[in-house]
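What follows is a short report on a single structure.
The values are calculated or read from the model by the stated rules, or taken from the named source; none is laboratory data. Please read these numbers as outputs of a predicted model, since none were measured by experiment. For neighbour counting, all protein chains shown are included, and Cβ atoms are generated from backbone atoms with ideal geometry for every residue, glycine included. Just the protein is used for accessible areas: all its heavy atoms, side chains included, with ligands, DNA and RNA removed. Shrake-Rupley method; radii C 1.70, N 1.55, O 1.52, S 1.80 Å.
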Amino acid sequence: MSEAENNSPVTVRFAPSPTGYIHIGNARTALFNWLFAQKHGGSFVLRFDDTDVARSKAEFAEAIEADLRWLGIDPDTIAWQSKRFDAYDAAAEKLKSSGLLYPCYESGEELERRRKLRLARRLPPIYGREALRLTDDDRAEFESQGRRPHWRFRLPNYAQDPFETRRTEIHWDDVVRGPQTVDLASMSDPVLIREDGSYLYTLPSVVDDIEMAVTHIIRGDDHVTNTGAQIALFQALGAEAPDFGHHNLLTATSGEGLSKRSNALSIGSLRSAGYEPMAINSLAVLIGTSESVAAMSSMDALLEVFRPEFASKSAAKFDPAELTGLNRILVHQLAFEQVADPLEELGISGPSAEAFWLAVRKNIDFVKDVSRWWKVVEEGPESEAELAREDREFVREAFALLPPDPWDGETWASWTAEVKAATGRKGKGLFMPLRIALTGSRSGPELADLLPLIGRARTLDRQP
Ligand code: GLU
């Protein structure tokens, strides 16, 4: 269905399984959906794919929701698949009664043996629908042996005889990748229900997409082939399939896929490391697209450049160093109001807090790095200044020329002009020893800004 034909309001969903923390790759999917919904004035459903009750955990679901909100994604609706088994059971019954969902008794080993046989005969290694040949007696026999069936969805890839499959193309105009085709004859009938009666994600997902009136399914391109079978399933359940979009995936710098199991690039760990949400959002969305990666200061700014079709076809490598670069750019632009709370948490408040922030923000990569400079201002250099003997004498001479209070943004210029006139020193030879004496470092924020923050009394304490 194209957007022009589809007049219903845009509804997207992000459907993570709460079996771990979300990482930057999951954030890419969530953001593609969120930005798409924003662009079309639509709504965003957070749907926990928690039908695997044993592996799903409430704490992961809570963390996923908190991570999304921290990134700036506020779901319009939150749904839990584990609360909707009745709907899935009803859909399964409907498919069973029409013969589209059929019981199979093969064990994993049996399937593997057949797969090898087919390969040896140069046949595609797909399921040969042998279970459709079982008689009622065969099934009763299996059941009496204690075997339980798993259930497969019969793909509509044949005319009359399900053993005579024929090329059956499913087409869709992917909102990311453009026109796509998959051949239903090239795939096995998907298993929808496991032997223990539990659902794989496919059927619950399609049932929910129908009931929640999802108009666009936007997800990673690892799902492209599933889409063919899912479109067939929508139709088997009497619904029209929504639009689909499949974006390229992110990999680690090693080229390895990101996994919820490894916590390394989880949104939570990036937050504790001090990254700004917009640094993560900017990289998660813009990497691997035709748009260059840049630090976007707000979701609105990101929305300005976002086009789902800008994603490239191949996987993109996520490089944490790039994230730090973006973070630095954003931190350098943050206004005091945007950091007042985190600064207060770091113990930085009071009348000089704003001037302090403006003085140091260009010298840090992460907001929390301000603590180091706050300590320098309040308590002095970490260790005693290492100055050559003649520099030490020069600094003493300079300190004797320190102007009286009050100090302001001009104090540095007037003081150093006087020092220059008195000592004949200039340039680096003049200011480096002073910087070292005042801050203990060879680089850092503008001394013109720092000097009034340090103040006269604390400056005098730093005389070598
Ligand atoms: N839980 C599935 C996944 O994370 C959802 C896929 C989908 O969006 O349809 O891969």
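Of note:
- Computed helical MRE - 222 nm, the chain, DSSP H runs ≥ 4 contributing -39500 (n - 2.57), nearest 500: -13500 deg cm²/dmol
- Note on Lys83: aspartates and glutamates with a C-alpha under 13 Å away, same-chain residues under 8 apart excluded, are Asp49, Asp50, Asp52, Asp208.
- Average accessible surface for the chain: 48 Å² per residue, computed with a 1.4 Å probe over protein heavy atoms with every protein chain in place.
- Distance between the pseudo-spin-label points of Ala321 and Glu393 (7 Å out from Cα toward the beta carbon): 4.6 nm.
- In this Cβ point-charge picture (+1 for Lys and Arg, -1 for Asp and Glu), the stretch 353-464 has a dipole of about 300 debye about its Cα centre.
- Short to long, the 10 Å bins of the Cα pair-distance histogram for the chain hold 4, 16, 21, 18, 13, 9, 7, 6, 4, 1, 0 percent of all pairs.
- Label separation (Asp341 vs Lys116): 6.0 nm, computed from points 7 Å beyond Cα along the C-beta direction.
- Bridging of Lys375 to lysines at a Cα separation below 28 Å is possible for Lys362, Lys428, once same-chain residues fewer than 8 apart are set aside.
- Remark: relative contact order (the chain) = 14 percent; criterion is Cα-Cα distance under 8 angstrom and separation of 6 or more residues.
- Full extension of the segment from Glu410 to Ser82, taken as 0.36 nm per residue of separation minus the current Cα-Cα distance, would add 111.5 nm.
- Estimated FRET transfer efficiency (Arg307, Asp369; beta-carbon r; R0 35 Å; 0.05): 0.50
- Cα centroid separation - the stretch 204-230 against the stretch 39-116, whole Å: 11 Å
- Note on Glu354/Ala417: beta-carbon distance plugged into 1/(1 + (r/R0)^6) with R0 of 22 Å gives a FRET efficiency of 0.20.
- Portion, in percent, of the accessible area of the chain that falls on carbon or sulfur, probe 1.4 Å: 48 percent
- DSSP bridge orientation in the chain - percent antiparallel, rounded to nearest 5: 50 percent
- The alpha-carbon of Lys39 sits under 20 angstrom from the alpha-carbons of these aspartates and glutamates, leaving out residues fewer than 8 places away in its chain: Glu3, Glu5, Asp74, Asp76, Asp173, Asp174, Asp243, Glu291, Asp300, Glu304, Glu309.
- Taking 0.36 nm per residue of separation and subtracting the current Cα-Cα distance, fully stretching the chain between Ala400 and Asp222 would add 57.1 nm.
- Inter-label distance, Leu237 to Ser298: 3.9 nm, where each label sits 7 Å from its Cα along the C-beta direction.
- In this calculation the C-beta distance from Leu132 to Ser107 is compared with R0 = 22 Å, giving a FRET efficiency of 0.80.
- The distance separating the Cα centre of the stretch 393-407 from that of the stretch 130-160 comes to 93 Å.
- Remark: the stretch 61-72, residue by residue, has Karplus-estimated 3J(HN,Hα) of 4, 4, 5, 5, 5, 5, 4, 4, 5, 5, 6, x Hz, where x stands for each Gly or Pro and the curve is 6.51 cos²θ - 1.76 cosθ + 1.60 at θ = phi - 60°.
- Helix 427-439 axis versus longest C-alpha principal axis of the chain: approximately 70°, rounded to the nearest ten.
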